[in-house]
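Everything below concerns the one structure shown next.
Nothing in this text is a laboratory measurement; each read-out follows from the coordinates by a stated rule. Keep in mind the model is a prediction, meaning the values are calculated, not measured. Here the Cβ positions follow ideal geometry from the backbone for every residue, glycine too, while neighbour counts run over all protein chains shown.
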Amino acid sequence: MKQSRRGFVKSGGLALAGFVLLPGRRLYSALAPEIIEMRSDTVGSKVWFDPIGLFVKPGTTVRWIVRENVHTTTAYHPRNDHHSLRIPEHAKSWDSGFLVNPGSHFDVTLTVPGVYDYYCAPHEAAGMVGRIVVGKAGGPGSEAFDYWVGKPGTDAWRHVPGPARRALPSAARIIAEHRIHPAQRGK
C-alpha cells in the first residue's frame, strides 16, 4: 500500500523533518558570514577595520558592515586603481564601491587559500587596511610589499602607503590568534 504524504507525516516524517531542521540551524550558524566592521571616530580622524586580521577556512563568506563614516572594502589588485597584487593570483578581486549608510554591507566569499590584503579607498593613506588569511599563508600577500618591483607589466602598480604597511598584522600572528582587533595590532 502506497503511503500518502499525510500518512508519512503521521508515521514519523515530521520527526525526521525536525531532526533535519536542528542540524540545519547549526549548519546555518557555521555558514553565517564572518563580520568585519568599518569604523570611525565621531570626527573621522581615526578610521579602522575591526578585526584588522582574520583567519578563515576556504569557502567562508566575509561581510564588511559600515558602522560610521563612508568606506569601501577594496582588494589590493591591479584592477583596483593600479594597486599592487596582494591577494592570491587566482582569487577574484573585489571593490565594494562607496558604502555610505550605517548598516550598509558588502559580502565576498573567499575560496582560494592564501593571504588577502584589502583597503578602504578614501582612508588607505590613514592606514585603514585589513588582512585575511584563508586556510594558510601564501601568495602575493605573504610576500614583501615591493616584491613586484622590476617585474614585467608592473610599472603602473602603486605602492602600499607606509601607514597601511605598518598597520597590517603578520599572517603568522593571524593564523595563531585567528582574529586581531585594532587595539591588539602591535608588532
In this structure, is TYR116 crowded, with 22+ Cβ neighbours inside 10 Å and on the phi < 0 side of the Ramachandran plot? yes
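How many of the residues making up the range 98-108 are β-branched (Val, Ile, Thr) and either in contact with a Phe, Trp or Tyr (Cβ under 9 Å, 6 or more places away or on another chain) or surrounded by 13 or more Cβ atoms within 10 Å (Cβ to Cβ) (or both)?
Here is the first cut: in the range 98-108, the ones β-branched (Val, Ile, Thr) are 100, 108.
With either in contact with a Phe, Trp or Tyr (Cβ under 9 Å, 6 or more places away or on another chain) or surrounded by 13 or more Cβ atoms within 10 Å (Cβ to Cβ) (or both) added as a condition, the list becomes 108.
Within the range 98-108, residues that are β-branched (Val, Ile, Thr) and either in contact with a Phe, Trp or Tyr (Cβ under 9 Å, 6 or more places away or on another chain) or surrounded by 13 or more Cβ atoms within 10 Å (Cβ to Cβ) (or both) number 1.
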Answer residue from the range 150-168, given it is part of a loop (DSSP other than H, G, I, E, B) and in contact with a Ser or Thr (Cβ under 9 Å, 6 or more places away or on another chain) and is surrounded by the most Cβ atoms within 10 Å (Cβ to Cβ) among those: VAL160
Report yes if GLY138 is on the phi > 0 side of the Ramachandran plot, surrounded by 15 or more Cβ atoms within 10 Å (Cβ to Cβ) and in a loop (DSSP other than H, G, I, E, B), otherwise no. yes
Go through (1) more than 18 Å from ARG39 (Cβ to Cβ); (2) touching a residue at least 60 places away in the same chain (Cβ under 8 Å) one by one and return the number of the condition GLY153 breaks. (2)
